[in-house]
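Contents: one structure, followed by commentary.
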Amino acid sequence: MSDELSRTPLYDLHVELGARMVPFAGWEMPVQYSGIIEEHLAVRNKAGLFDVSHMGEARVRGKDAAAFLDAIMTNEFSSLQPNHARYTIMCYPDGGCVDDLIIYRIFKDEFLICLNASNAAKDIAWMNSQVGNWDVQIIDECSQWAQLALQGPFAEKILSSLTDLKLDTLKRFAFVIGEVAGAPNCIVARTGYTGSPGFEIYVPAAQGSAVARAILEKGKPDGLLPIGLGARDSLRLEAGYPLYGHELSEKISPIQAGLSWTVKFSKPQFIGRDSLLRQTEKGVVSKVMIYSLNDRRIARPGATVFSGDQAVGEILSGTLSPVLNKPIGTALVASGINPDTLTVDIRGTRLPLQITQIPFFK
Amino acid sequence: MSNVPSNLHYTKDHEWVKVEGDGTVTVGITDYAQAALGDVTFIDLPKVGKQLESADVFGTVESVKAASDLYSPVSGEVIAINSSLNDTPDLVNREPYEKAWMIKIKLKSAAELDKLLDSSSYQSLL
């Protein structure tokens, strides 16, 4: 990977808006504009616009496209209807994760895959290495798309005023293709990474900035704000969504991450099936837990988790939940430990972890 | 642009120091520092009576993004802490030079004040 940071088609807009730009996964991205907490609350209460153009895209096309995806993904794609999307994990044979993905069925024989920015090149290389005799073509479209996420209770009202696409009947994880704010061939999906209602919009790269400006302008009266990566992280943690490299990795399987629902053992074969089945039947060595702290201090990734004097795990993610007004996050904890005994070491102070089964925001 | 009041002294670690003229100083963090930290969520301050040497860590300021140590600009005894920051740490973001003062120190040696930066020297670091 080169040291040169990539810029999204919205780079100039971020600078104009006064964003603080930081390096992220090889990209120069806005971490915040007005402030993480203010931006977070705008998404929960009004609306927010995210530039997620750093995410990668790959098209999988060919007679065997659905069967190929069934063979390399944990979830099932032969049963997915066109104009619908599905979340999945792509695993190695040992059950570790190559990446977590959303896959859109465009036509019967054509899918568009959304890739994590840090994994895009690795994912495409991995998929190519698995093609074998399947009749599929994998096309790298990473540089062809700008991706915007419009999230929050007013998202539908704002987007409806910029497109003739029918959004009110669009179900969760369904998508339509058409013109948005004058840009043709946009993919508008009712998906998101915040827990609030909203859309993810794929815009041809050249029109990305113009569409973002139109949305910001149209949403201003409703309190729409541009949202950076800082609030993207606190929003996804409140909603309980994993982030690759934290709750999922080459070392943390979907079973450990609590994502068994994405693993379809009903399929006779797929990469990782044997390992994941063994983990399901025999149990996992450690698993991801969601916690909150009754404190103001935030537990940072890598902080040690204890049960009594025994180190039993580590923090994977940590932030402040602006909705709960307390620190939340995730930890990887050895199996068989009583969750009521868990503490985290924050700079020499042990604080009790309040473990919860359900996300903080639904 | 960061606000750097001309009546205060500064350190390269982005603390400000107000010389009260009675052998004490008041210490906080600068507008530049609060902007770089982002939303402040927690501030850990020392107990009154603590003896500090210049450049000792006297506390921690934590934002959504990161935790940063606070360094004492001078040597002396902590004679007061701003306990209102326990409940409203975001004062640091809103009024870094006024309401969000952090500690008051009784100076061990007034000569240490000469090592502090004036506003124009501090401004030139930003």
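The values are calculated or read from the model by the stated rules, or taken from the named source; none is laboratory data. These numbers come from a predicted model, not from an experiment. As a convention, Cβ positions derive from the backbone with ideal geometry for all residues, glycine included, and neighbour counts pool all protein chains shown. In case anyone asks, the SASA skips ligands and DNA or RNA and just uses the protein heavy atoms, side chains included. Shrake-Rupley method; radii C 1.70, N 1.55, O 1.52, S 1.80 Å.
Which of the residues spanning the stretch A:129-164 are free of Cβ contacts under 8 Å to residues at least 60 places away in the same chain and more than 27 Å from A:K108 (Cβ to Cβ)?
If the condition is that a residue be free of Cβ contacts under 8 Å to residues at least 60 places away in the same chain and more than 27 Å from A:K108 (Cβ to Cβ), then A:E156, A:L159, A:S160, A:S161, A:L162 are the ones that fit.
With respect to B:G21, is the statement that it is in contact with an Asp or Glu (Cβ under 7 Å, 6 or more places away or on another chain), more than 14 Å from chain A (Cβ to nearest Cβ) and without any contact (Cβ under 8 Å) to a residue 60 or more places away in the chain true? Full working, then the answer.
On the way: in contact with an Asp or Glu (Cβ under 7 Å, 6 or more places away or on another chain): no; more than 14 Å from chain A (Cβ to nearest Cβ): yes; without any contact (Cβ under 8 Å) to a residue 60 or more places away in the chain: yes.
Answer is no for this residue.
Output the number of residues of the stretch A:2-23 satisfying the condition of being over 19 Å from B:A35 (Cβ atoms) and open to solvent by less than 80 Å² (accessible area, probe 1.4 Å).
Within the stretch A:2-23, residues that are over 19 Å from B:A35 (Cβ atoms) and open to solvent by less than 80 Å² (accessible area, probe 1.4 Å) number 7.
So, restricting to strands (runs of 3 or more DSSP E) that lie completely within the stretch A:100-191, which ones have at least 2 residues that are open to solvent by 20 Å² or more (accessible area, probe 1.4 Å)? First the steps, then the outcome.
Working: elements: A:110-115, A:137-140, A:145-151, A:175-180, A:183-189.
Passing ranges, in order: A:137-140, A:175-180, A:183-189.
B:S124 is checked against (1) touching a residue at least 40 places away in the same chain (Cβ under 8 Å); (2) over 16 Å from B:V48 (Cβ atoms) and fails just one. What number does that condition carry?
Only one criterion is unmet by B:S124, namely (1).
I need a count of the residues in the stretch B:53-67 that are open to solvent by 10 Å² or more (accessible area, probe 1.4 Å), facing chain A (nearest Cβ under 10 Å) and not polar (S, T, N, Q).
Going through the stretch B:53-67 one residue at a time, the tally reaches 4.
Here is a yes/no grid of residues against (1) assigned to a helix (DSSP H, G or I); (2) open to solvent by 10 Å² or more (accessible area, probe 1.4 Å):
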residue	(1), (2)
A:L235	yes, no
A:Y241	no, yes
A:H246	no, yes
A:K251	no, yes
A:P254	no, no
A:G258	no, yes
A:K264	no, yes
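Which residue, of B:Y97, B:Y71, is in contact with a helix residue (DSSP H, G or I) (Cβ under 9 Å, 6 or more places away or on another chain) and among the aromatic types (F, W, Y)?
Of B:Y97, B:Y71, the one residue that is in contact with a helix residue (DSSP H, G or I) (Cβ under 9 Å, 6 or more places away or on another chain) and among the aromatic types (F, W, Y) is B:Y97.
Quick check on A:L320: is it touching a residue at least 24 places away in the same chain (Cβ under 8 Å) and either farther than 22 Å from B:D69 by Cα or in the same structural domain as A:G230 (by TED's automatic domain parsing) (or both)?
no
Would you be able to tell me the number of residues in the stretch A:32-48 that are open to solvent by 30 Å² or more (accessible area, probe 1.4 Å), touching a Phe, Trp or Tyr at 6+ places or on another chain (Cβ under 7 Å) and either free of Cβ contacts under 8 Å to residues at least 24 places away in the same chain or of a type in the set (D, E) (or both)?
Here the count works out to 0.
Residues to consider are B:K108, B:K65; find the one that is farther than 22 Å from A:Q32 by Cβ and without any contact (Cβ under 8 Å) to a residue 60 or more places away in the chain.
Numbers: B:K65 fails: farther than 22 Å from A:Q32 by Cβ.
Of B:K108, B:K65, the one residue that is farther than 22 Å from A:Q32 by Cβ and without any contact (Cβ under 8 Å) to a residue 60 or more places away in the chain is B:K108.
Does any residue of the stretch A:336-346 turn out to be within 14 Å of chain B (Cβ to nearest Cβ) and either among the charged types (D, E, K, R) or within 14 Å of B:T41 (Cβ to Cβ) (or both)?
Yes, the stretch A:336-346 contains at least one residue that is within 14 Å of chain B (Cβ to nearest Cβ) and either among the charged types (D, E, K, R) or within 14 Å of B:T41 (Cβ to Cβ) (or both).
From A:P226, A:P197, which residue is open to solvent by 30 Å² or more (accessible area, probe 1.4 Å), in contact with a helix residue (DSSP H, G or I) (Cβ under 8 Å, 6 or more places away or on another chain) and modelled with pLDDT of 95 or more? Explain how you work it out, then say what you get.
Details: A:P226 fails: open to solvent by 30 Å² or more (accessible area, probe 1.4 Å).
That would be A:P197, the only listed residue that is open to solvent by 30 Å² or more (accessible area, probe 1.4 Å), in contact with a helix residue (DSSP H, G or I) (Cβ under 8 Å, 6 or more places away or on another chain) and modelled with pLDDT of 95 or more.
With the checklist (1) in contact with a Ser or Thr (Cβ under 8 Å, 6 or more places away or on another chain); (2) open to solvent by 50 Å² or more (accessible area, probe 1.4 Å); (3) over 17 Å from B:F42 (Cβ atoms) in hand, flag the one item A:R296 doesn't pass.
It is condition (3) that A:R296 fails.
For the stretch B:68-81, enumerate the residues that are within 14 Å of chain A (Cβ to nearest Cβ), open to solvent by 10 Å² or more (accessible area, probe 1.4 Å) and either in contact (Cβ under 8 Å) with a residue 24 or more places away in the chain or under 11 Å from B:T24 (Cα atoms) (or both).
Once the filter is applied, which keeps residues that are within 14 Å of chain A (Cβ to nearest Cβ), open to solvent by 10 Å² or more (accessible area, probe 1.4 Å) and either in contact (Cβ under 8 Å) with a residue 24 or more places away in the chain or under 11 Å from B:T24 (Cα atoms) (or both), the stretch B:68-81 yields only B:S68.
Just to confirm my filter: which helices (runs of 4 or more DSSP H) fall fully inside the stretch A:1-88 and include at least 3 residues that are of a type outside the set (K, R), within 14 Å of chain B (Cβ to nearest Cβ) and closer than 21 Å to A:G192 by Cβ?
The helices (runs of 4 or more DSSP H) meeting that bar are A:36-45.
Can you tell me which residue among A:A212, A:A205 is under 21 Å from A:S143 (Cα atoms), modelled with pLDDT of 95 or more and surrounded by fewer than 24 Cβ atoms within 10 Å (Cβ to Cβ)? Quick ask: steps written out before the conclusion?
Details: A:A212 fails: surrounded by fewer than 24 Cβ atoms within 10 Å (Cβ to Cβ).
Every option except A:A205 fails the conditions.
Would you mind telling me which numbered condition in (1) touching a residue at least 40 places away in the same chain (Cβ under 8 Å); (2) open to solvent by less than 20 Å² (accessible area, probe 1.4 Å); (3) hydrophobic (A, V, I, L, M, F, W, C) A:V284 fails?
(2)
Only one residue in A:I290, A:I298, A:I315 is within 14 Å of chain B (Cβ to nearest Cβ) and in a strand (DSSP E or B), so which one is that?
A:I315
Can you name the residue in the stretch B:88-122 that is polar (S, T, N, Q) and closer than 15 Å to B:T30 by Cβ and, of all such residues, is nearest to the other protein chains (Cβ to nearest Cβ)?
B:N93
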